[in-house]
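Here the structure comes first, spelled out in structure tokens, and everything after it is commentary.
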Amino acid sequence: HLTTVSPYFSLLSKFTQHQMLMIAKHHARRAEAKVQHIRPWPRIGTVPLPSQSNIPKIGYIGADFRMHVTAHLIQTVFSYHSRVSPFVFALNQDDRSRFRQNIRSSLPEGQFIEAFGRSDVEVAEIVNSLGLHVLVDIDYYKNRMQILVFRPCQIQVNFLAHPGTSGADYIDFIVVDKIVAPPENYEFFTEKFLLMHHHYQVNDHAAMYPRKEQDRAQLRRKENLPQDAVVLCNFNSLYKFEPNSFSVWMRVMKRAPKSVLWLVSDGPECDENLRHQARERGVDPSRIILADRADFDKHIQRSVFFGAGWVGCT
């Protein structure tokens, strides 16, 4: 009865770990069912793993190589691939954004593959024909998992945008840390773990948004933040909040009376509801500071200045 829920949105809902695994498995099986009728089957050859004299080839596939948070996070990663040869397979249309252009220019000629408009079979055959050894799926919603069903690579990895299990036996590994995948939840993943000791997520703040010398007091005035307050901030979209987390934040604020909570405004109705929920939990609603929405650069620069990305404290 949960099969209409996408794996990504199941992570944001009050499902049990077992239910989220079942949702992911259903989604993965549905991708398999979509391609069972395809004839002829894609021409997929076995790519031998690289020898010590060969450079491994690793591909990244997704539909968010655009003005999107995933592209923002990963846009300079490819330039650091000194011991492997990176490829990108962009499933979305070219939006001519700076992020997409940065990614394309960071790759060697011919290694940014425009895959928009191509079928699942075509993309799988292109991936395989290039002799890739590893294919990394960085898609949010896993809408093109059919490509991975064809097994164009011997090693297939789930990473970044969807920090939960794919539920697929055709995806071998997932990149995680102990926060997104605590040891007690290992049984609810179908993939083997590639465990990062600090944080599974890459980001591009330091490279693209270096801190500028600014007058902190002036910036606080501009953002309607009290000069002497501890600023707790969370710049995630409001749909990612749920009552238990909000209650924790309110308890923290009650124990830190000189703190304020800085969130992003999502319109008058949402703003009023947030203040109402704070009041219900015994916190003065004036301590909820709602930031106006801003363009991407301004939004990241103001959060980086206060020592945060999307969540932080200063």
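Would you confirm whether or not the range 143-160 contains a residue that is outside any loop (DSSP other than H, G, I, E, B), touching a Lys or Arg at 6+ places or on another chain (Cβ under 8 Å), open to solvent by 30 Å² or more (accessible area, probe 1.4 Å) and closer than 14 Å to residue 42 by Cβ? No, there is no match, as no residue in the range 143-160 is outside any loop (DSSP other than H, G, I, E, B), touching a Lys or Arg at 6+ places or on another chain (Cβ under 8 Å), open to solvent by 30 Å² or more (accessible area, probe 1.4 Å) and closer than 14 Å to residue 42 by Cβ.
Pairing residues of the range 228-241 that are without any contact (Cβ under 8 Å) to a residue 60 or more places away in the chain and surrounded by fewer than 15 Cβ atoms within 10 Å (Cβ to Cβ) with residues that are of a type outside the set (S, T, N, Q) and in a loop (DSSP other than H, G, I, E, B), at Cβ distances under 7 Å and at least 6 apart in sequence or on separate chains, gives 228/258.
Evaluating residue 296 against the criteria (1) modelled with pLDDT of 85 or more; (2) of a type in the set (A, V, I, L, M, F, W, C); (3) open to solvent by 50 Å² or more (accessible area, probe 1.4 Å) leaves one unmet condition, (1).
Per-residue answers, yes or no, for (1) farther than 25 Å from residue 8 by Cβ; (2) open to solvent by less than 50 Å² (accessible area, probe 1.4 Å); (3) modelled with pLDDT under 90; (4) in contact with a Gly (Cβ under 7 Å, 6 or more places away or on another chain):
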| residue | (1), (2), (3), (4) |
| --- | --- |
| 212 | yes, no, yes, no |
| 221 | yes, no, yes, no |
| 254 | yes, no, no, yes |
| 260 | yes, yes, no, no |
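Identify the residue in the range 116-139 that is assigned to a loop (DSSP other than H, G, I, E, B) and closer than 14 Å to residue 59 by Cβ and, among all such residues, is modelled with the lowest pLDDT. Filtering first and then ranking leaves 139.
Condition check for residue 156 on (1) in contact (Cβ under 8 Å) with a residue 60 or more places away in the chain; (2) under 23 Å from residue 195 (Cα atoms): one failure, at (1).
Taking the conditions exactly as written (modelled with pLDDT under 95, surrounded by 14 or more Cβ atoms within 10 Å (Cβ to Cβ) and of a type in the set (Val, Ile, Thr)), does residue 46 satisfy them or not?
Numbers: modelled with pLDDT under 95: yes; surrounded by 14 or more Cβ atoms within 10 Å (Cβ to Cβ): no; of a type in the set (Val, Ile, Thr): yes.
Here the answer is no, as residue 46 does not meet what is asked.
Inside the range 265-304, residues that are part of a helix (DSSP H, G or I) and under 29 Å from residue 72 (Cβ atoms) make up a count of 15.
Select from the range 1-13 the residues that are under 20 Å from the mean Cα position of the chain (by Cα) and either part of a loop (DSSP other than H, G, I, E, B) or not hydroxyl-bearing (Ser, Thr, Tyr) (or both) and list them in ascending order. Residues satisfying the conditions are 5, 6, 7, 9, 11, 12, 13. When residues in the range 264-276 are screened for being of a type outside the set (A, V, I, L, M) and open to solvent by less than 60 Å² (accessible area, probe 1.4 Å), 4 of them pass. Is it true that some residue in the range 204-215 is polar (S, T, N, Q) and either within 19 Å of residue 24 (Cα to Cα) or free of Cβ contacts under 8 Å to residues at least 60 places away in the same chain (or both)? No. Scanning the range 246-264 for residues that are over 29 Å from residue 67 (Cβ atoms) and outside any helix (DSSP H, G or I) gives 256, 257, 258, 259, 260.
The values are calculated or read from the model by the stated rules, or taken from the named source; none is laboratory data. Since the model is a prediction, treat every value here as computed from it, not as a measurement. As a convention, Cβ positions derive from the backbone with ideal geometry for all residues, glycine included, and neighbour counts pool all protein chains shown. Note: areas computed on protein heavy atoms with side chains; ligands, DNA, RNA excluded. Shrake-Rupley method; radii C 1.70, N 1.55, O 1.52, S 1.80 Å.
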